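The structure under discussion appears below in the form of structure tokens.
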Amino acid sequence: MVPRPGRVRRRSRETANVWTLELEPDGDGAEPGQFHMLYAMGVGEVPISVSGTSRDGGMVHTIRDAGAVSRALAGLRPGAGLGVRGPFGTGWPLAEAEGRDVVVMAGGIGLAPLRPVLRRLTGRGGKARRVALLYGARSPADLLYPRELDRWRARGAIVEVTVDHAVGGWDGKVGVVTALLGPGLFEPSRSLAMICGPEVMMRFSVAALMDLGMPAASIYVSLERNMKCAVGHCGHCQLGGTFVCRDGPVFRYDRAAPLLGVREL
Amino acid sequence: MLLDGLRDAGYGLIGPMRRDGAIVFDEIDGVADLPRGWTDEQEGGRYRLRERSDGAFFGFAHGPESLKRHLHVPHQELWRAERRDGGLDIVQVAPEAPRRAFIGARACDIHAVAIQDRVLTGGAYADPHYAARRRDVFIVAVNCGEPGGTCFCASMDAGPRATGGFDIALTELMDGGRHDLLLEPGSEAGRALLATLPAREASEADRKAAAAVTDTANRKMGRRLDAARAREMLSRVPEHPRWEEVADRCLSCGNCTQVCPTCFCTTEVDSSDLAVSTASRARQWDSCFTLDFSMLHGGPVRHSTRARYRQWMTHKLATWHEQFGTAGCVGCGRCITWCPVGIDITEETAAMTAREETP
């Protein structure tokens, strides 16, 4: 599959090493949870999940500069060209949110693929009974989308934030994201959870949700593996019998559980 | 005559030939290039050519190469990008579709092609480069009379007799001092070509002699593997102390994956001019035995040799079924022969099933 030429329309800085790129619209109809392979000229291609859609359909990606390719992508200025393939993979189960208590748990850059979910659920067409976002970041300076956190709160969502290291006058919560879970956030029999973050954070989050009575089949996680082709041909993203690019990245937890329970699988 | 007929029909010939102390699978001009009168001795970590006295054309098992090198090529340029008007111009590299005849493909390797077909063209996305190279292929199978010491195709239902996927199947008959080739068509193209050859009709005795060749090969198979038991065990027990033991011997070199006729994994690489005004993206064979293979921003997922060997073997014998409906192993035994330390997938599975431990 050959990338189509794309162009950066807007670039904004989120944190010290995270940038959001809005691309010129090109008819792409990616769903929340899906990802694109973004190509930086002469450097390479990496999977980046969709973190939003502009009013006229331009794809938005939030990129942490973590390696050569993501650094090159994060450095692209408005007007710069890049390659785009996709969208690929499975999306978040938004259709299942209707009438349910939705718990969104995010760690670090893991909030990026969940932002379109929160926008939809707190927007005019949102049909969830209740929406709660539990979000953890390393430090207050690493928090993504602070203005949107306030907006979701203003629209009735519960938004709880915690950080690992409190610096710079932070008077909020400190600790792991599971500490934000408590009774009253959701009714287990009519709940739905969507989780994205480091794998260890997701494992502990799932365990805590299940302790509170949420069934595994109501929990969705987004997994990450090395990807080259994104179409199930290169073999890199295999996790047990699955190809994360094709069968994921969003998995229902009852399917993901045996895959996450084995070290170095 | 057969080879001349194929060449006249416009096919380039790929067949076995002796080179660098091995039998390789490369372009041949004709019968004279075949490794006539040679055989191979194969054992764990050992491959030697030896002369044989009977002048057999196909009196060997196989070399390190299979059809994979010609259909799912080691290096394939995918597309080129160029900076233009501030943006990128991206152009696909046109797939090549050479018309080629493969001479002397064994049943195991033909099964491997069918497996790669399912991987690369059987899903929602068909790989255009593989599909193009695959399209105009003529396969002359050889029913195997000389399995190697590391062969176990019979255990994987992939040989020694070719049962499909060929245009012509050939059995070399040397019983009672004769030297005949029994040719059987497997497709319309094969039937048409056979009709042009000045061959006599095969007798019942010829057919019996041909069946005896593969029956003998079946008995001489160097290795066995209980595929059903291995699959069941690997699906159920991800942790086993045997992984540690094999990891102590495994060099994680990836030889097994390079000689495997079904291993399909690739990575992608970029090259550009110094000004990065033009760039080219290519894919090349990769191996799940490298650390880079599972690299994420935090480091590799499979950082131990134990985990990488487990991934490879579990994929071949168990998870491949979930993905593509068959095993990913055809029992050719190349991974055993070409392993520098002679690690043997049949021995490892037998040891694991014999000494199964649940964590």
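Every read-out reported here was derived from the displayed coordinates using simple, explicitly stated rules and does not represent laboratory data. All values reported here derive from a predicted model rather than from experimental measurement. Quick reminder, even Gly has a Cβ in these numbers, built from the backbone with ideal geometry, and neighbours come from all protein chains shown.
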What number results when the radius of gyration of region B:176-224, computed over Cα atoms, is divided by 2.2 N^0.38 Å? 1.43
Kyte-Doolittle mean at least 0.0 and Cα axial length at least 15 Å: DSSP H helices in chain B: B:107-121
Could you tell me the largest-minus-smallest coordinate of the C-alpha atoms of the protein assembly as shown on each of the three principal axes, in descending order and whole angstroms? 94, 61, 40
Remind me, relative contact order of chain A in percent, using alpha carbon pairs under 8 angstrom and six or more residues apart? 17
Need the C-alpha centroid separation for region B:37-89 versus region B:323-339, integer Å. 15
Helical mean residue ellipticity (222 nm; -39500 (n - 2.57) per DSSP H run of 4+; nearest 500) of chain B: -8500 deg cm²/dmol
Rounded to a whole number, what is D in µm²/s for region A:4-88 from Stokes-Einstein with the Kirkwood radius over alpha-carbon pairs (4 °C, 1.567 mPa s)? 105
P(r) histogram, all alpha-carbon pairs of region A:57-130 included - 10 Å bins from 0, percent: 14, 40, 30, 15, 1
One would report the antiparallel percent of DSSP beta bridges in region A:3-45, rounded to the nearest 5, as 100
So what are the three principal axis dimensions of region A:94-260 from its Cα atoms, in whole Å, longest to shortest? 47, 37, 31
Too long for a 26 Å Cα-Cα cut-off, among B:K220/B:K316; A:K228/B:K316; B:K68/B:K208, are B:K68/B:K208
Pair-distance profile P(r), taking every C-alpha pair of region B:103-243, with 5 angstrom steps and integer %: 2, 9, 14, 17, 16, 14, 12, 8, 4, 2, 1, 0, 0
Computed on Cα atoms, the radius of gyration and Dmax of region B:1-142 in angstrom are 18.5, 69
If one computes the Cα centroid of region A:38-85 and of region A:150-208, what distance in Å separates the two points? 28
Spin-label point model (7 Å from Cα, Cβ direction): what's the A:D56 to B:A32 distance in nm? 7.0
Just need the relative contact order of region A:4-88 here, percent rounded to a whole number, with Cα pairs under 8 Å and 6+ apart. 40
Nitroxide proxy distance, nm - points 7 Å out along Cα→Cβ at B:E347 and B:E322: 2.9
Once you have the Kirkwood Rh of chain B from its Cα pairs, apply Stokes-Einstein at 10 °C and 1.306 mPa s and quote D in µm²/s. 72
Quick one: Karplus J couplings for region A:26-33, per residue in order, coefficients 6.51, -1.76, 1.60, θ = phi - 60°, nearest Hz, x for Gly and Pro? 9, x, 5, x, 4, 9, x, x
Karplus 3J(HN,Hα) series, Hz, for region A:136-141 with 6.51 cos²θ - 1.76 cosθ + 1.60 (x for Gly, Pro): x, 9, 5, 8, x, 6
I'd like the mean, over residues of B:291-298, of how many other protein chain beta carbons sit within 10 Å of each residue's own Cβ. 5
In percent, how large is the relative contact order of region B:156-271, given Cα pairs closer than 8 Å and 6 or more residues apart? 19
Take the Cβ-Cβ distance between A:V174 and B:R99 as r, set R0 to 60 Å, and report the resulting FRET efficiency rounded to the nearest 0.05. 0.30
For region B:279-284, what does the Karplus curve 6.51 cos²θ - 1.76 cosθ + 1.60, with θ = phi - 60°, yield as ³J(HN,Hα) per residue in whole Hz, taken in order and with x for Gly and Pro? 9, 10, 10, 9, 10, 9
With equal scatterers on the alpha carbons only and no solvent term, can you work out the Debye log10 of I(q)/I(0) for region B:284-359 at 0.23 1/Å? -1.29
per DSSP, antiparallel bridges as share of beta bridges in region A:94-260, % nearest 5, sits at 15
Could you tell me what a quarter of the Cα convex hull surface of region A:1-152 works out to, in nm² with one decimal place? 8.9
Mean other chain Cβ within 10 Å across B:300-306 is 3
Of all DSSP beta bridges with both partners in chain B, the antiparallel percent, nearest 5, is 80
